[in-house]
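The values are calculated or read from the model by the stated rules, or taken from the named source; none is laboratory data. All of these numbers come straight from a predicted model, not from anything done at the bench. Every residue, glycine as well, gets a Cβ built from its backbone with ideal geometry; the counts of neighbours run over all protein chains shown. The area values use the complete protein model at the heavy-atom level, side chains included, leaving out ligands, DNA and RNA. Shrake-Rupley method; radii C 1.70, N 1.55, O 1.52, S 1.80 Å.
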Amino acid sequence: MRATLGWFLLLALLAAPLGYVAAPWLGGCLFAIALVLGLQLVRHQRDFSRLERWSRQPALDSQLQGAGEWDVIFRRLYGHEKELCGRIARRERDIARMIAAVHVMNDGVVLLDGQFRIQFCNKTAERQFGIDAASDSGLTLTNIVRPPELSDYLARGDFSGPLTLRLERNFERLLSLSIIAYAEDSWLVHVKDVTQADKLDRMRRDFVANVSHELRTPLTVLAGFLETLQEIDFDAAERLRYLALMAEQAKRMQSIIQDLLTLSSIESAPPPESDRVNMARLLDKLKRDAEALSDGRHQIVVERAGQGDLCGYEPELVSAFANLVGNAVRYTPAGGVVTLSWKVSPQGAEFAVRDTGIGIDAKHIPRLTERFYRVDRGRSRDVGGTGLGLAIVKHSLNRHQAQLDISSKLGQGSCFTARFPASRVAQAEDQEDAAG
């Protein structure tokens with residue numbers, strides 16, 4: 001373009017003198033050539049200005065066109081820009097998919113800079129720590145997660161082992177934090193919720209300790225009686241009394257072992273059968289059993305609402321319901337009322353056992369279905385419980401897609417409710433017979 005400008009200026013300067021001195025036609029030719037060069041110069045200047053404007057804000061513009069060589073250049077730029085935009089779009093899609101995958105992880109992920117300021121966190125970490133990614137970005141992690149153990153852990157700078165952090169928000173939560181260096185002076189915090197694993201581990205330890213304790217007590221009594229019988233000569237009546245006490249302890253151990261075997265078989269058994277369980281007959285049987293166990297000391301009431309039977313494995317359901325009824329009778333003082341109720345609705349059905357007994361403190365309710373968990377160990381042994389009944393009930397109901405809800409107040413009584421989904425409810429047999 002500079003050469004064109006130079007020729008234009010030269011010819012424009014020579015056109016007038018040559019036309020005046022030499023020949024007018026020569027001046028006119030030179031002026032015409034200068035005019036053509038001027039038009040080319042204007043066109044080049046226009047395309048150059050267009051290129052200069054595009055270079056300030058590059059965009060994929062199909063209208064970026066020119067004449068001659070400029071059009072070749074513009075097409076080449078358009079092709080490069082189109083390829084670059086495609087690469088950027090693919091990279092953005094990949095990054096968006098990666099971020100979406102990080103957000104749906106079950107474990108928390110927090111990215112920190114070298115000063116432990118929050119750069120990014122996924123949805124799980126937001127719930128675990130109570131972080132708002134929009135407003136808390138740039139804040140130091142310890143400004144939001146305040147337990148001193150975390151501050152000490154970050155201050156030490158030794159991240160070879162994880163940190164176990166106990167947080168109490170809506171409920172107690174146990175988190176395991178692992179900090180990993182990445183990129184340049186940046187940190188990745190991997191947060192795993194180990195609350196359930198810790199609970200299961202505690203339950204396992206408690207289970208082993210409780211089994212040992214429950215079996216050791218009757219074994220100690222048996223061993224003591226046997227030693228006494230071997231060393232001392234008793235008369236027949238005294239010997240029979242000792243043997244009766246020994247038989248009672250042996251029966252207690254047998255009950256514990258039988259309940260353990262029952263619980264184990266329920267946990268490992270295949271899905272239960274879906275036979276029809278006639279609830280009218282079952283309620284009558286449960287009432288008779290409760291009256292026999294009560295021996296006239298309680299009032300046993302049966303309530304029904306709606307028509308329907310259960311679909312499931314009858315022996316398991318009978319065992320679960322009988323356990324709830326038996327507990328209500330045993331823990332209700334004489335003169336109390338035990339109510340068995342069966343309700344059917346479009347949403348499902350529920351079997352409930354209410355009593356006017358001693359009640360249960362609210363702090364014990366979440367752990368009642370744990371194996372060998374007892375509110376009052378002495379009273380439980382007095383009424384003949386093994387500590388496994390409610391655990392068996394819970395597992396039996398779970399196998400029938402049912403849920404056990406417990407409500408109780410000290411001194412006012414308790415209510416144990418087994419809630420079944422609609423898929424486990426069948427039309428009552430008497431309705432079918434009437435329809436037939």
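Here are some notes:
- Conditions (1) in contact with a strand residue (DSSP E or B) (Cβ under 9 Å, 6 or more places away or on another chain); (2) not in a strand (DSSP E or B); number of the one not met by residue 119: (2)
- Residue-level check: of (1) surrounded by 15 or more Cβ atoms within 10 Å (Cβ to Cβ); (2) in contact with a His (Cβ under 8 Å, 6 or more places away or on another chain), residue 256 misses just (2).
- Taken across region 174-188, residues that are among the small types (Gly, Ala, Ser), open to solvent by less than 60 Å² (accessible area, probe 1.4 Å) and closer than 30 Å to residue 259 by Cβ do not occur at all.
- Lone qualifier among 130, 138 - being free of Cβ contacts under 8 Å to residues at least 40 places away in the same chain, touching a helix residue (DSSP H, G or I) at 6+ places or on another chain (Cβ under 9 Å), farther than 21 Å from residue 198 by Cα and surrounded by fewer than 17 Cβ atoms within 10 Å (Cβ to Cβ): 130
- Of the set (1) modelled with pLDDT under 95; (2) open to solvent by less than 40 Å² (accessible area, probe 1.4 Å); (3) not acidic (Asp, Glu), all apply to residue 345 but (2).
- Of the residues making up region 244-262, those that are among the charged types (D, E, K, R) and within 15 Å of residue 220 (Cα to Cα) are 248, 251, 252.
- Filter pass, residue 307 being out of contact with any Asp or Glu (no Cβ under 6 Å at 6 or more places or on another chain), polar (S, T, N, Q) and more than 24 Å from residue 418 (Cα to Cα): no
- For region 332-348, a residue qualifies if it is under 22 Å from residue 397 (Cα atoms) and in contact with an Asp or Glu (Cβ under 9 Å, 6 or more places away or on another chain), and the qualifying residues are 338, 339, 340, 341, 342, 343, 344.
- Residue check, residue 304 closer than 30 Å to residue 333 by Cβ, at pLDDT 90 or above, open to solvent by 40 Å² or more (accessible area, probe 1.4 Å) and of a type outside the set (Phe, Trp, Tyr): yes
- Complete set of residues in region 324-342 that are of a type outside the set (A, V, I, L, M) and surrounded by fewer than 19 Cβ atoms within 10 Å (Cβ to Cβ): 330, 333, 335, 336, 339, 341
- When each of 240, 245 is tested for being modelled with pLDDT under 90 and closer than 25 Å to residue 388 by Cα, the lone residue that passes is 245.
- Residue that is nearest to residue 371 (Cα to Cα), among those in region 209-224 that are open to solvent by less than 40 Å² (accessible area, probe 1.4 Å) and without any contact (Cβ under 8 Å) to a residue 40 or more places away in the chain: 218
- Scan of region 347-367 for residues that are farther than 23 Å from residue 287 by Cβ and among the hydrophobic types (A, V, I, L, M, F, W, C), ordered by number: 360, 362, 365
- Hits in region 99-116 - residues which are closer than 21 Å to residue 162 by Cβ, within 22 Å of the chain's Cα centre (by Cα) and not in a strand (DSSP E or B): 102, 105, 106, 107
- Region 408-419, subset of a type outside the set (A, V, I, L, M) and surrounded by 15 or more Cβ atoms within 10 Å (Cβ to Cβ), residue nearest to residue 334 (Cα to Cα): 413
- Within region 136-164, tally of residues that are in a strand (DSSP E or B) and either touching a Lys or Arg at 6+ places or on another chain (Cβ under 6 Å) or under 16 Å from residue 124 (Cα atoms) (or both): 1
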